[in-house]
Each structure stands twice: as structure tokens, then as C-alpha cells.
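The values are calculated or read from the model by the stated rules, or taken from the named source; none is laboratory data. This is a predicted model, so every value here is computed, not measured. Ideal geometry is used to build each Cβ from the backbone, glycine not excepted, and the neighbour counts take in all protein chains shown. Side chains included, ligands, DNA and RNA excluded: accessible areas come from the protein's heavy atoms. Shrake-Rupley method; radii C 1.70, N 1.55, O 1.52, S 1.80 Å.
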Amino acid sequence: MRGVFVTGTDTDVGKTLVSAWLTQAWGADYWKPVQTGAAEITDYGTVGHLVPDAVIHPATYVFQAPLSPHEAARREGARIDLSALVPPKTDNVLVVEGAGGAMVPLNEIALTVDFMERLGLPALVVTRSNLGTINHTLMTLEVLRRRRIPILGVVMNGQKNPANRQAIEHFGAVPVLAEIQPLPAVTAATVAGLPRPTFQPIGE
Ligand SMILES: Nc1ncnc2c1ncn2[C@@H]1O[C@H](COP(=O)(O)OP(=O)(O)OP(=O)(O)O)[C@@H](O)[C@H]1O
Ligand SMILES: C[C@H](N)[C@H](N)CCCCCC(=O)O
Ligand SMILES: [Mg+2]
């Protein structure tokens, strides 16, 4: 399976924007295995609008409450089973987006990082560019490395911050693959207008 698991230092950090950007630039398929907050909005719906031609695979779990997956599932009398999180069959590159960050619980014992470990795709970490991101990014990298999850690199999302970029690359021993600036609006046109990624997905 070729692709990338888009995780982040937090919820609302820009994972869906980055996922749409890569899906569009690579002509990839998109999959959001676990979606919460569906009562308000879904990431697969957003990516479908931002990348109209993309193959959007159905989420395995969809819950209404905008909460951590383990809690959103519980409130609906459900429980996320990692063995049900089977990647879609595709010969194409697959962009997978996690819910929130790497340590987000999926059930009473399993965390998102456990799912990432099973899936085996390299991780791309989306981070904010402003104050506080160094700590959050280094902690996320630490978690991924402890599980020997390959790390493609980091995408910084927000106003350019050379000092934070340097710190993340130096202390995190990881490349900042791209810096995405604040967009006036997130639309199919502005996503398509972003500079093309200078990196490729890895895997066979
Ligand atoms: N560079 C940017 N410029 C303008 N708006 C942005 C940018 N990055 C993210 N946003 C907006 O910020 C909000 C959060 O971004 P996004 O949905 O990509 O975060 P997320 O990490 O996928 O969140 P979740 O954890 O819910 O999946 C969205 O409304 C998105 O359109
Ligand atoms: C609802 C939100 N948009 C995401 N889908 C889920 C974020 C879970 C975050 C859990 C946590 O880190 O506290
Ligand atoms: Mg998202």
C-alpha cells in the first residue's frame, strides 16, 4: 500500500487541508477511517468538495458528536474495533487522515498510534507554526518513533516562522516538507493553487 497517514499535533491543526492538498497534487485516494462530529461537518465531505475528482473511500466509523472517537462511539452505544479498520482496496496512492492527534483514543485501550502502527503507512505530521508548536511537534514525533512508525516529515500550517521551523528540524531530526500559509479561503481553487509538494509518498 502506498500512501501517507496524515496525523497532527492537535485537532483543527490543518490535517484535512493538507490531506486535500496531497490528494489533489498526487491524484490520490482519500480515506478518513474514523469520523466524529458528523452532525456538523465531515472531513470526507470537505475533501470531496476541495478535490472533486478524488476517490473518497467511505469512513469505517461515523459518529455524530464532535468528540474523541472513543467517547463519540460510547455515546452512540458503539465501540471502535481496530480489526474493522481495514484499508480500502486501491492500486492508487492512499491519503489517510486520522482524527485529532496521534494519542487520540479509539476505544478504552487502543489509541490512534496503535492503528497507525498496524496500518504501517509513513506518517506526515501537520503542525501549527506559532508559539507552542515546538513542544507539541517534538512530543508527537517521540510517540511515533517509540512505535517505529516511519515519519515522512512535518508540514507547518500558518504564518511562516523560521525559528520554529529550525527548532523542529533540529530537535526533531525531521524535515519540514512544506509550510502552508493562511489562505483567504479554503476552496478547490485555493487548494489547487498551492505549490506542488516537493515530496512523494513512499511504499510499494
Ligand atoms: N492555511 C489555512 N488557511 C486558512 N484556513 C485554514 C488553513 N488551515 C486550516 N484552515 C481552516 O481551519 C479549520 C481547521 O482545519 P482542518 O479541518 O484542516 O483541521 P483538522 O486538523 O483536519 O481538524 P480535525 O481534527 O477536526 O480533523 C478548517 O476550517 C480549515 O478550513
Ligand atoms: C471533533 C474533532 N473535529 C475531531 N474529529 C476529533 C478530535 C478528537 C480530539 C481528542 C483530544 O485530543 O482531546
Ligand atoms: Mg480533519
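Taken as a whole, the structure leaves residue 67 outside the set of residues that are touching a residue at least 12 places away in the same chain (Cβ under 8 Å), in contact with a Pro (Cβ under 7 Å, 6 or more places away or on another chain), under 21 Å from residue 19 (Cα atoms) and surrounded by 15 or more Cβ atoms within 10 Å (Cβ to Cβ). Sub-8 Å Cβ pairs linking a first residue in the stretch 177-204 that is closer than 19 Å to residue 96 by Cα to a second residue that is open to solvent by 40 Å² or more (accessible area, probe 1.4 Å) and β-branched (Val, Ile, Thr), at least 6 apart or interchain, are 177/198; 178/198, ordered by first then second residue.
Residue check: is residue 164 in a helix (DSSP H, G or I), within 16 Å of ligand 2 (Cβ to nearest atom), without any contact (Cβ under 8 Å) to a residue 40 or more places away in the chain and more than 18 Å from the chain's Cα centre (by Cα)? No, not satisfied. One residue stands out among those in the stretch 11-42 that are on the phi < 0 side of the Ramachandran plot and open to solvent by 30 Å² or more (accessible area, probe 1.4 Å): the one that is farthest from ligand 1 (Cβ to nearest atom), which is 26.
Count of the stretch 6-37 residues, restricted to those that are touching a helix residue (DSSP H, G or I) at 6+ places or on another chain (Cβ under 9 Å) and within 11 Å of ligand 2 (Cβ to nearest atom), is 11. Each residue in the stretch 9-27 was checked for being under 25 Å from residue 168 (Cβ atoms) and assigned to a loop (DSSP other than H, G, I, E, B), and 6 of them qualify.
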